[in-house]
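Asker: Take a look at this one; I'll ask things after.
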Amino acid sequence: MNLISIILFLPLFGVLLLFFVPNTKTQLIRRIALNTSLLTFLISLVLWVEFDSSTARFQFLEAKAIYGFSFSSFNFLFGIDGISLFFILLTTFLIPICLLVSWTNIQMYVKEYCIAFLVLETLLIAVFSVLDLLLFYVFFESVLIPMFVIIGVWGSRERKIRAAYQFFLYTLLGSVFMLLAILLIYFQTGTTDLEVLYCSNFSETRQIFLWLAFFASFAVKVPMVPVHIWLPEAHVEAPTAGSVILAGILLKLGTYGFLRFSIPLFPFATFYFTPLIYTLSVLAIIYTSLTTLRQIDLKKIIAYSSVAHMNFVTLGLFSLNTQGVEGSLLLMLSHGLVSPALFLCIGILYDRHKTRLLRYYAGCGRTMPIFALLFVFFTMANISLPGTSSFIGEFLVLTGTYQNNSFIALLAATGMVLGAAYALWLCNRLIYGVIKPHFIHEWSDVTRREFWMLVPFVVSILWMGVYPEPFLDALHCSVSNLISQGM
Amino acid sequence: MVFSNDSLITHFPTYKTFLFDNDFQSFFPEIFLIGAAIFLLVYGVIFSTSPNKNYPLLIIPVSWLSLLACVFAFLLLLNSPIQNALLFYNTLLIDDFTTFLKALILFSSFFCIFMSLDSFKLESLNAFECILLLVFSACSMLFLVSSADFISMYLAIELQSLSFYVVAAIKRNSEFSTEAGLKYFLLGAFSSGLLLFGCSLIYGFTGVTNFSELAQIFTGGTQEILTTTTSLPACELGMVFLLVGFLFKITAVPFHMWSPDVYEGAPTPITAFFVIVPKAALFGVFLRIFLESFYDFLLPWQKILLVSSLCSMLLGSLAALSQTRIKRLLAYSSIGHVGYLLAGFACGTIEGIQALLIYLFIYIFMNINIFALLLCGMRRETLQTVPRIKFISDFSFLSKTQPILALTFTITLFSMAGIPPLAGFYSKAYLFFATMSSNLYVLAIVGVVCSVVSCFYYIRLVKIMYFEGPKNWCSFSRIPVENALTLAITLFFILFFIFYPTPLHLITHKIALTLCL
C-alpha cells in the first residue's frame, strides 16, 4: 500500500477504534488516540526518509479510484513534493502534542475531543497532499467544522461562541469567492487537476480576477491585516490544543495556498499585485507588533506575534526568488514549531493558575526554573536569535526581499526589532521580577509529561537553526521548479 | 365537404381522435392514484359516519392506504409500457423528464405523509379528507408535469391550488390556520387569474395553446425575424403574466408575501407538503414552457428571472436573520432556495437546467430531513400543551436530551448552508458553475455572499442546540419510528452523496438534454 494512503487512513482507523470504546474509559480513549497519532508520525518520518530530493515531480502518487466514480473533475489524486512533505510532517508532529496537552485538563466529552482531533489530522494531511483544485477547496473548508466544534465546545470562556462564529464566518466568506474562481477555471480549462492547470494559461484580466478571488480566501487564513481580527479571538478562546493546531498548521494553509496555487497559476497577476502584498505585509508586521505591546492577555500576545510572523512569510513568498521562497518556507516551519511551543508554555501556566492575564504573573522563574529555561528559549526563538530556526527563515526572507525592494526590507527589518521588544518585555514581566505571592499559589514546576512535550520542540528548533541543510535540500528542487514555472 | 355528382348527399370529413389506443395505458399511475383516492374517500365517508362502529377516526388507516397507493403509483410509473408519447390529442405528453419529476413528486409526497403520521395524532387533525386532498393534489401535480398545453396546465394548477387552499385551513379550531387558508385562497386565486389571463392573451393573439405549436410560432423572437403576422409584443405581455403567476406559486420574491404567513399558520405536516412537493411540479412545467415555447423570448424572461432570483436570494438570507419562529425561518430559507433554483433557470443553458434539477433533488431531501425533525413532537412545555416546536429557542438543550437528533439536525443545517463536503455544497457548486458559464457573474457573486449570510442563521440554530440552556421545565419523548426512518434515509443521502454523485449527475444531464432537444 502506498505510504500516503496509510497516513491518510490511519487516523480514521483510530476513530473507528474509538467508536467502540465506552465513554467512561477516558484513559483508554486517550491512549488509543495518542498511539494512533504517534504511529502516523512515525510513518510520515518514513515518508521523509524515502523522499527523493533530486526531482521536483510529485512523489508517492496515489490515485484513489472510488468505485464507479467517473465525474471527471473530482480527481482523488494525492502526491507529495518537497513543499508538502514538511507540512505533513509538521501536522503529524503536532497532533500527538495536542493530544498530550489535553491529557489532564479536558475531562468532559473526551471521546468526541479525540475523534475531532483525529478527523482534523486526516483532513489536514489531505489538504496538503491533494493535487486537485476542487478537492483542495473541499478539504480546506472541511477543516473549519472540527475547529468550530473544538473552539465552541472545549473553549475556556464565555466569549468562545462569538469567537467560533467569527472564525467560521470570516473564513467562509473569503473562501466562497475562491469557489467561484475554481468554477471559472473549471469552465475555461475543463479540469481541476493541478498538473494540467500548471500548463494552462489564463488571459491577464481573468488572471487578475481569479488571483483576487483566491486572495480573498487565503488572506483571511494567513491572516493579513484588514481581516486578521478572528485570530486573536479564536486563539484566546480556544483550548490549548486548539491554539496549538491553529497556530501550528491552520495559519500555514493560507500561505501554502499562495505558494501552491496563486503564484504558479497566475504569474501575471502575481507580479501585478506584489506591491499590494508587500504593503499589507509590512503594515501587518509593524502594526501587530506595536499592538502587541499593549496586550495584557498572554495568548493574545503570542497570537498577534503569529500574525506578524505569517506576514513575514508572505513577504518572502512574493519576492519570487529562491532565497525568499525558501526562507518563507523555513519560516513557516519554524513558526509552526515556535508558536505552538509558546502556546504550550502558556497552557502550562493556565493549567495551574486558570488565568491568562499578565498582571497576575511575575517572577515565575523563581519557583519554576525549568519552565523558565524553556520559556526563555522559545522567546529567543520567537525573536529569531541566530542559532534558532526562525533566524534562518527571517534572514533568507529579508535577503530575498532586499533583492526586490530594499525599502520594504528596511521596514520589515524594523519589525524584527519590534518583535524583540514585545517578546523580551513579555519574558521579563513573566519570568523575572518580584514574585507575587498573593496571586500565585501553585509552585510546582513542569511535570514530566509537560517537559517531554516541549523537548522535541527545543531539539527541532535548534536542529533547524544550526543545521538546516536536511530541510533545505528537500525543498530546493520543488521551490526552483515552482518559481521558474511562475516566470 | 365532398359533393357527389349525382346527389346532394354531402359527407363531412371525419377525424380519428386516437383517444383510446395508448392514452389510458400511459396514465396508469395517475388513474390508479385518483381511483385509490376516490375509493378511500368513499370508504372514509361510509365508515367514519357509521354509528355501529362508533364513528371511528379514520385518518391513520386512510394515511397508510394512501401511502400504499403512492407506492403502487410509483411502481406503475417506473414500469410504464410507454416511455415517450404525445397523448390525449396533444394536451399531455410523457418523456424522461416527466417520468423523473413524477417519480420525485411521488417520492416526496410519500415521505411527507409518512413522517406526518404521528403528528396527525398529536395535533388532532382528525379529518381524513386532509390526506385525500393531499393525494388529489399530488395527482394533479403528476398531470401538471406532463401537460403539453395551456389548458391542461391550468386545470392541473387549479386542482393543486384548490386542494392546497382547503388543506391550509384544515385545523378548524385555530384562527391562525383559517387565516392562512384565507390568505392563500385570495392571493392564490388572484394569481391563477393572472396566469389564465396570460394564457388567454397568448391564445388571443396566436390562436394556439399547445406548447410545441407556440414554439413554432415564436421562432425568431421579437427582434430578429418576424415569421408570422401575430402581434409578438402582446404575446410577450402574455408571457410576463404567465411568469408572474408562476413566480407567485413558487414564492419567488416580488410575490412571496403570502408564504411566511401561510407556512406558519398551516399545521406543520401541511407546511411540509407545501414546502417540499409543489416546487418540483411547478418548475417542471414552467421549464418546459419557457425553454420550449418561449425560448426565443429569452432576453425578456431571463432578465425578469435574474432580478427575481437576485432578490429572492437576498431576501431569503437577510429576512431570516431576525426570525424567532422556526416555521417562518424555514419559509424564508425556502424563498432563498427558490432564488437559487431560479438562478439555474435563468441561465437558459443545459448546465443550468441540470443544475436546477440537481439542486431541486437535494433541496427536497434536505427539507424532508428538516421537517421530519420538526414533526417529531419531542418537546412539551407543560403537561397540557401539545408537543410541538414553535420557537427557535425550543431547540435549546437538544444536544443533552437527544444527542443523535441534535447531530442529525446539525449536519442537515450545515448542508443547507452549503458547507463542504455535504450534499448542499455540491448542488450550490454546480449551480454557480452553471451561472458562471452563462456569464451571469452578478448572480454567482450575490449567490455566494447570500450563502454565507444564510450560514449565520443556520449556525445559530446549531448554537442554540449545543450551547444554550433551557429556559423552563420541559419533558422530552421518544421520536416516532417513521420519523426516525425518514431521518436516517435522508441523512445518509446528505452525508454520502458527495462520494458518488454520478448517477444523479448522469440522469439529470440526460433529462436536461431531452428537454432541450
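Asker: Counting heavy atoms of the protein chains only and a 1.4 Å probe, report the per residue accessible area for the stretch A:3-486 as a whole number of Å².
Answerer: Value for the stretch A:3-486: 34 Å² per residue.
Asker: While we're looking at this one, here's another question. Provide the per residue accessible area, probe 1.4 Å, for chain B, rounded to a whole number of square angstrom.
Answerer: Roughly 39 Å² per residue, with all protein chains present.
Asker: A follow-up question, please. Threshold 20 Å², probe 1.4 Å: give the residues of the stretch B:488-517, in number order, that are less accessible with all protein chains present than with their chain alone.
Answerer: In the stretch B:488-517, residues shielded by partner chains: B:Ile498, B:Phe499, B:Tyr500, B:Pro501, B:Thr502, B:His505.
Asker: Let a ≥ b ≥ c be the square roots of the eigenvalues of the Cα gyration tensor of the stretch A:379-478; is it rounded (a/c under 1.5), or, if not, prolate (a/b larger than b/c) or oblate?
Answerer: oblate
Asker: If each of A:Phe20 and B:Val449 carries a label point 7 Å out from its Cα toward its Cβ, how far apart are those two points in nm?
Answerer: Going by the 7 Å Cα→Cβ label model, 5.2 nm.
Asker: Evaluate 2.2 N^0.38 Å with N set to the residue count of the stretch B:61-148, then give the Cα radius of gyration divided by it.
Answerer: The stretch B:61-148 yields a ratio of 1.21.
Asker: Now, a different point. Once the Cα atoms of helix B:481-496 and of chain B are each reduced to a long axis, what angle between those two axes, in degrees from 0 to 90 to the nearest 10, is obtained?
Answerer: Long axis of B:481-496 versus the principal axis of chain B: about 70 degrees.
Asker: Moving on. Which whole-number percent gives the relative contact order of chain A, counting Cα pairs below 8 Å spaced six or more residues apart?
Answerer: Over chain A, the number comes to 16 percent.
Asker: To continue, here is another question. Given a Förster distance of 30 Å, report the FRET efficiency between B:Thr178 and B:Asn54 from their Cβ-Cβ distance, rounded to the nearest 0.05.
Answerer: So the FRET efficiency works out to roughly 0.55.
Asker: Ranked highest first by average number of other Cβ atoms within 10 Å, how do A:182-195, B:272-285 line up?
Answerer: Highest-to-lowest ranking by the protection proxy: B:272-285, A:182-195.
Asker: With the cut-off at 18 Å, tell me which of the pairs A:Lys160/B:Lys463; B:Lys327/B:Lys428; B:Lys400/B:Lys463 have Cα atoms farther apart than that.
Answerer: Table pairs above 18 Å Cα-Cα are B:Lys327/B:Lys428.
Asker: Rounded to a whole number of µm²/s, how large is the Stokes-Einstein D of the stretch A:3-486 at 4 °C and 1.567 mPa s, given Rh as the Kirkwood radius over C-alpha pairs?
Answerer: It comes out at roughly 57 µm²/s.
Asker: Please state the Cα pair-distance histogram of the stretch A:425-474 with 5 angstrom bins from zero: what percent is in each bin?
Answerer: 4, 14, 13, 15, 18, 14, 10, 6, 4, 3, 0
Asker: Further question: In nm, give the distance between the simple-model label positions of A:His476 and B:Phe467, each being 7 Å from the Cα along the Cα-to-Cβ direction.
Answerer: Taking the two extended label points, one gets 5.0 nm.
Asker: Determine the shape class of the stretch A:109-178: with a ≥ b ≥ c the square roots of the Cα gyration tensor eigenvalues, call it rounded for a/c under 1.5, and otherwise prolate if a/b is greater than b/c, oblate otherwise.
Answerer: Since a/c reaches 1.5 but b/c is at least a/b, the shape of the stretch A:109-178 is classed as oblate.
Asker: ³J(HN,Hα) across the stretch A:167-172 via Karplus (A = 6.51, B = -1.76, C = 1.60, θ = phi - 60°), whole Hz, x for Gly/Pro?
Answerer: Result, ordered by residue: 4, 5, 6, 4, 5, 5 Hz.
Asker: Given the C-alpha atoms of the stretch A:319-427, compute the convex hull and give its volume per residue in Å³.
Answerer: Normalising the Cα hull of the stretch A:319-427 by residue number yields 97 Å³.
Asker: To continue, here is another question. Go through A:Leu317, B:Ile202, A:Phe93 and say which Cα lies farthest out towards the positive end of the charge dipole of the protein assembly as shown; charges sit on Cβ, +1 for Lys and Arg, -1 for Asp and Glu.
Answerer: Of the options given, the answer is A:Phe93.
Asker: Something else: To the nearest 20 Debye, how big is the dipole of the stretch A:3-486 about its Cα centre, given +1 on the beta carbon of each Lys and Arg and -1 on that of each Asp and Glu?
Answerer: Computed about the Cα centre, the dipole is about 1640 debye.
Asker: Just give the residues from the stretch A:133-161 buried by at least 40 square angstrom of accessible area in the all-chains context relative to the isolated chain, probe 1.4 Å, and say none if nothing qualifies.
Answerer: Flagged in the stretch A:133-161: A:Val138, A:Ile145, A:Phe148, A:Ile161.
Asker: Cα centroid distance between the stretch A:126-186 and the stretch A:349-423, in Å?
Answerer: 28 Å
Asker: Follow-up question, since we're still on this one. Could you give the C-alpha radius of gyration of the stretch B:19-69 expressed as a fraction of 2.2 N^0.38 Å, taking N as the number of residues it contains?
Answerer: That works out to 1.49 for the stretch B:19-69.
Asker: Among A:His309, A:His438, what's the order by accessible area (1.4 angstrom probe), most exposed first?
Answerer: Largest accessible area first, the residues go A:His438, A:His309.
Asker: Could you give the C-alpha radius of gyration of the stretch B:338-489 expressed as a fraction of 2.2 N^0.38 Å, taking N as the number of residues it contains?
Answerer: Rounded to two decimals, the normalised Rg is 1.20.
Asker: Mind listing the phi-derived Karplus ³J(HN,Hα) values for the stretch B:41-49, rounded to whole Hz, using 6.51, -1.76 and 1.60 with θ = phi - 60°, and x for any glycine or proline?
Answerer: Running phi through 6.51 cos²θ - 1.76 cosθ + 1.60 with θ = phi - 60° gives 4, 4, 4, x, 5, 5, 7, 7, 10 Hz.
Asker: Take every residue in peptide A:187-199, count the Cβ atoms of other chains within 10 Å of its Cβ, and give the average of those counts.
Answerer: So the per-residue partner count for this stretch is 1.
Asker: Rounded to the nearest 20 Debye, what is the dipole magnitude of chain B about its Cα centre when Lys and Arg each give +1 and Asp and Glu each give -1 at the C-beta?
Answerer: Dipole of chain B, to the nearest 20 debye: 1880 debye.
Asker: Tally up the carbon and sulfur contribution to the accessible surface of the protein assembly as shown as a whole percent, 1.4 Å probe, everything protein left in place.
Answerer: The nonpolar share, carbon plus sulfur, comes to 68 percent.
Asker: Related question: Give me the distance in nm between label points sitting 7 Å out from Cα along the Cα-to-Cβ direction at B:Trp64 and A:Gln107, one decimal.
Answerer: Once both label points are built, they end up 5.1 nm from each other.
Asker: Could you compute how fast the protein assembly as shown diffuses translationally, taking Rh as the Kirkwood radius over C-alpha pairs and applying Stokes-Einstein at 37 °C with viscosity 0.692 mPa s? Give it in µm² per second.
Answerer: 105 µm²/s
Asker: State the Kirkwood hydrodynamic radius of chain B in Å, one decimal place, computed from all pairs of distinct Cα atoms.
Answerer: Result for chain B stands at 23.9 Å.
The values are calculated or read from the model by the stated rules, or taken from the named source; none is laboratory data. Keep in mind it's a predicted model, so treat the numbers as computed, not measured. Positions of Cβ are generated from backbone atoms using ideal geometry, with glycine treated the same way; all protein chains shown enter the neighbour counts. For accessibility, only protein heavy atoms count, side chains too; no ligands or nucleic acids. Shrake-Rupley method; radii C 1.70, N 1.55, O 1.52, S 1.80 Å.
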